[in-house]
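The values are calculated or read from the model by the stated rules, or taken from the named source; none is laboratory data. These figures come from a predicted structure and were not determined experimentally. Note: ideal-geometry Cβ built from the backbone for every residue, glycine included; neighbour counts use all protein chains shown.
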Amino acid sequence: MYKSVYFLLLMSLFCSCSSYKKLVWHDEFDQNGLPDSAKWKMEEGFFHNEEQQYYTKNRTENARVENGLLIIEAKKEKIENKDYDASKKGFKYAYPHADYTSASLTTKGIQSFQYGRIEMRAKLPRGKGVWPAFWMLGANRDQIGYPFCGEIDIMEYTGKEANKIHSTIHYPRNDGTEKVISSGTTLKKRKPFSDFHLYAIEWNKKKIDFYFDRKKYYRFDFTELENQKINPFTNPFYLILNLALGGSFGGTIDDKNLPQQFLIDYIRVYQK
């Protein structure tokens, strides 16, 4: 009941100050148990930037809805790598087991979005090694590959930089190679993990604005891409929500810091 009243009050305030007023997709995480499979897929295995966690699928120890929150929990525990294959190249296949578990949720193949206001209210984990993120990839990734599909990092946080929130977009260089250009900023915020905050973008065919709570702190103007062969950001993107450990950006993991939880109150998408 409290959450429903809060939602109505917030909607009233939001609609009075934003041009994005039509709620087209959302998850309020009100149904206890595993995340809603009609809205989310769960990645399984080793993924992305040589991170040390193994993402588990349909395992409430790592991802569950409880008391109106999605809880993504990273743990220190040994688990078998189902993809292990010494004959194959790549980080995904290299290790017979992992020493850490966590979860990654995505709307890939279920729901994608082109423009609008996309927001998450969440409380971050803390401590060295944690790397929670709320981000997006182009829905045509399987067809054209990365970085040509583009990437929008609405929020990234690492425990090694305890007072910084990172927001970045990634896109291909103009030479047709797979080299990546990154544009973004870092917002300094003392102890952002101590409470719930709102992380959002407002995205249209001309630009992407990034928000922390009600503060707009960065704009990427697509005029910067006028000389590019590809502007990925005029295409649909899908959502990704994960809690990584270590890796190329997360840094050294402090085992004494674990387990840690990434708490998500809701995710909402508005359009005009």
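For residues in the stretch 14-29 being loosely packed, with under 13 Cβ neighbours inside 10 Å and within 17 Å of ASP213 (Cα to Cα), which is modelled with the lowest pLDDT? Ranking the qualifying residues of the stretch 14-29, first place goes to SER16.
Residues checked against (1) of a type in the set (Val, Ile, Thr); (2) surrounded by 22 or more Cβ atoms within 10 Å (Cβ to Cβ):
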position	(1), (2)
PRO125	no, yes
TRP131	no, yes
GLY138	no, yes
GLY145	no, no
PHE148	no, no
GLU151	no, no
THR168	yes, no
PRO172	no, yes
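Every test in (1) farther than 19 Å from GLY129 by Cα; (2) crowded, with 19+ Cβ neighbours inside 10 Å is passed by THR185 save one, and that test is (2). Within the stretch 120-131, residues that are at positive phi sit with their Cβ atoms under 7 Å from residues that are assigned to a loop (DSSP other than H, G, I, E, B) and of a type outside the set (S, T, N, Q), at 6+ positions apart or across chains, in these pairs: GLY127/GLY159; GLY127/ASP254; GLY129/GLY159; GLY129/GLY246; GLY129/GLY251; GLY129/ILE253; GLY129/ASP254.
Residues in the stretch 36-87 that are in a loop (DSSP other than H, G, I, E, B), among the aliphatic types (A, V, I, L, M) and either closer than 21 Å to LYS123 by Cβ or in contact (Cβ under 8 Å) with a residue 12 or more places away in the chain (or both): ALA38 only.
Residues in the stretch 153-166 that are hydrophobic (A, V, I, L, M, F, W, C) and either buried (at least 19 other Cβ atoms within 10 Å of the Cβ) or within 21 Å of TRP203 (Cα to Cα) (or both): ILE154, MET155, ILE165. Checked against (1) acidic (Asp, Glu); (2) in contact with a Gly (Cβ under 8 Å, 6 or more places away or on another chain); (3) modelled with pLDDT of 95 or more, GLU61 passes all but a single condition, namely (2).
Within the stretch 17-35, the set of residues being in contact with a Lys or Arg (Cβ under 8 Å, 6 or more places away or on another chain) and assigned to a loop (DSSP other than H, G, I, E, B) comprises SER18, SER19, TYR20, LYS21, GLU28, ASP30, ASN32, LEU34, PRO35. The criterion of being polar (S, T, N, Q) and touching a residue at least 60 places away in the same chain (Cβ under 8 Å) does not hold for ASN174. Identification of strands (runs of 3 or more DSSP E) wholly contained in the stretch 126-182 with 1 or more residues that are closer than 15 Å to ASN235 by Cα and more than 14 Å from the chain's Cα centre (by Cα) yields 164-172. Residues in the stretch 216-243 that are touching an Asp or Glu at 6+ places or on another chain (Cβ under 8 Å) and farther than 22 Å from CYS149 by Cα were compared, and the one that is surrounded by the most Cβ atoms within 10 Å (Cβ to Cβ) is LEU243.
Among the conditions (1) in contact with an Asp or Glu (Cβ under 6 Å, 6 or more places away or on another chain); (2) loosely packed, with under 14 Cβ neighbours inside 10 Å, the only one that ASP209 does not satisfy is (2).
Within the stretch 77-97, does at least one residue satisfy the condition of being crowded, with 16+ Cβ neighbours inside 10 Å, farther than 28 Å from TYR146 by Cα and either in contact with a strand residue (DSSP E or B) (Cβ under 6 Å, 6 or more places away or on another chain) or not polar (S, T, N, Q) (or both)? Within the stretch 77-97, one or more residues are crowded, with 16+ Cβ neighbours inside 10 Å, farther than 28 Å from TYR146 by Cα and either in contact with a strand residue (DSSP E or B) (Cβ under 6 Å, 6 or more places away or on another chain) or not polar (S, T, N, Q) (or both). Might you check whether a residue that is over 19 Å from GLU51 (Cα atoms), within 15 Å of the chain's Cα centre (by Cα) and at pLDDT 95 or above occurs anywhere in the stretch 92-108? Scanning the stretch 92-108 turns up at least one residue that is over 19 Å from GLU51 (Cα atoms), within 15 Å of the chain's Cα centre (by Cα) and at pLDDT 95 or above. For the stretch 244-263, a residue qualifies if it is at pLDDT 95 or above and crowded, with 24+ Cβ neighbours inside 10 Å, and the qualifying residues are ALA244, LEU245, ILE253, PHE262.
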